[in-house]
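In what follows, a single structure is set out as structure tokens and then discussed.
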Amino acid sequence: MSIKEDLQAGIDRDPATSSRLELFLTSPGLHAIWMHRVANKIWKLKLRIPARMFSNWAKFLTGIEIHPGATIGRRFVIDHGMGIVIGETSIIGDDVLIYHGVTLGGKENSAVDRHPIIGSHVVIGAGAKVIGRITIGDNCYIGANTVVTKNVPAGSTVVGETGRVLSKKEAISGHWVSCLLYTSDA
């Protein structure tokens, strides 16, 4: 994982950012990811309290809460990151893009793997909630405000309050965009 790679991923996925310098200086999502990497290294050294303290400082500075125990892949991009919560046992693949208000949360109140596994090349829309030790396959789109509590197969588009998986035809036709805007679980 490199700073150059992170900057390029941010430029590639955020048309509102015009330069690497602008991204470097102004992106709380990028800052949160970099601070998470430091906290994660501290966590892996079994220095749990310092890792949590550093993580809390990062949350204070960025508005993005990433537990130091979470595993995050390469080229992870957080766009408009305020209010994001990523739980301790979450695993996130490469080339994932998430928007503000996303929660990768747990159902269990015990020290088990209780947070989601997110595949590579996944987009998670604003306000989506992915809850429990479930797997979101590679190349999925999770629509804004969607609640997902069950496994999602690779290549799927999921929308609505009940996490409706769209057919390939609906997803390809762009129907998922109208579902995000107008329906909850049609």
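The values are calculated or read from the model by the stated rules, or taken from the named source; none is laboratory data. In this text, all values refer to a predicted model and were calculated from it rather than measured experimentally. Positions of Cβ are backbone-derived with ideal geometry, glycine not excepted, and every protein chain shown enters the neighbour counts. Each accessible area value is taken on the protein alone, full model and side chains, heavy atoms only, with ligands, DNA and RNA left out. Shrake-Rupley method; radii C 1.70, N 1.55, O 1.52, S 1.80 Å.
What does the helix-only formula give at 222 nm for the chain: each DSSP H stretch with n ≥ 4 adding -39500 (n - 2.57), the total divided by the residues, and the result rounded to the nearest 500 deg cm²/dmol?
-10000 deg cm²/dmol
How many nm separate the modelled label positions at Ala154 and Phe24, each set 7 Å beyond the Cα in the direction of the Cβ?
3.7
Could you tell me the ratio Rg/Rh of the chain? Both radii from Cα atoms, Rh via Kirkwood.
0.97
Would you mind working out the magnitude of the charge dipole of the range 24-96 relative to its Cα centre, with +1 at each Lys and Arg C-beta and -1 at each Asp and Glu C-beta, to the nearest 20 Debye? Kindly include the intermediate steps, with their values, before the conclusion.
Numbers: 9 positive and 5 negative charges, 82 e Å.
Its charge dipole is roughly 400 debye.
Where the accessible area of the range 1-40 is counted over protein heavy atoms with a 1.4 Å probe, how much of it, in %, is carbon and sulfur?
About 64 percent, which is the carbon plus sulfur part of the accessible surface.
Mind checking which of Met53, Met82, Met35 has the largest fluctuation in a GNM of the chain, springs on alpha carbons under 10 Å?
Of the options given, Met53 has the highest mean-square fluctuation.
Just round it to a whole percent: the fraction of Cα-Cα distances in the range 1-107 exceeding 17 Å.
49
Taking loop as defined by DSSP and a crowding limit of 12 other beta carbons within 10 Å, which trypsin sites (Lys or Arg not before Pro) in the range 24-106 fit?
Lys46
Given a 1.4 angstrom probe, what's the average accessible area per residue across the chain, in square angstrom?
52
With labels modelled as points extended 7 Å from the Cα through the Cβ direction, what inter-label distance (nm, one decimal) is found for Thr71 paired with Ala16?
Roughly 3.3 nm, to one decimal.
Which value in Å is the Kirkwood Rh of the range 50-128 over different Cα pairs? Don't skip to the answer; put the middle values down first.
Values: mean 1/r = 0.0790 Å⁻¹.
Result for the range 50-128, one decimal place: 12.7 Å.
Taking the full set of protein chains and a 1.4 angstrom probe, give the accessible area of Ile66 in square angstrom, rounded to the nearest 10.
Result for Ile66: roughly 10 Å² accessible.
Connecting C-alpha atoms closer than 10 Å in a GNM of the chain, tell me which of Ala39, Ala16, Ala70 has the biggest fluctuation.
Answer for the Gaussian network model of the chain: Ala16.
About the Cα centre, and with charges only on the beta carbon of Lys, Arg (+1) and Asp, Glu (-1), how big is the dipole of the chain? Nearest 20 debye, please.
560
With point charges of +1 on the Cβ of Lys and Arg and -1 on the Cβ of Asp and Glu, referenced to the Cα centre of the chain, which listed residue (Val112, Asn56, Val165) lies farthest in the positive direction of the dipole?
About the Cα centre, the residue reaching furthest to the positive side is Val112.
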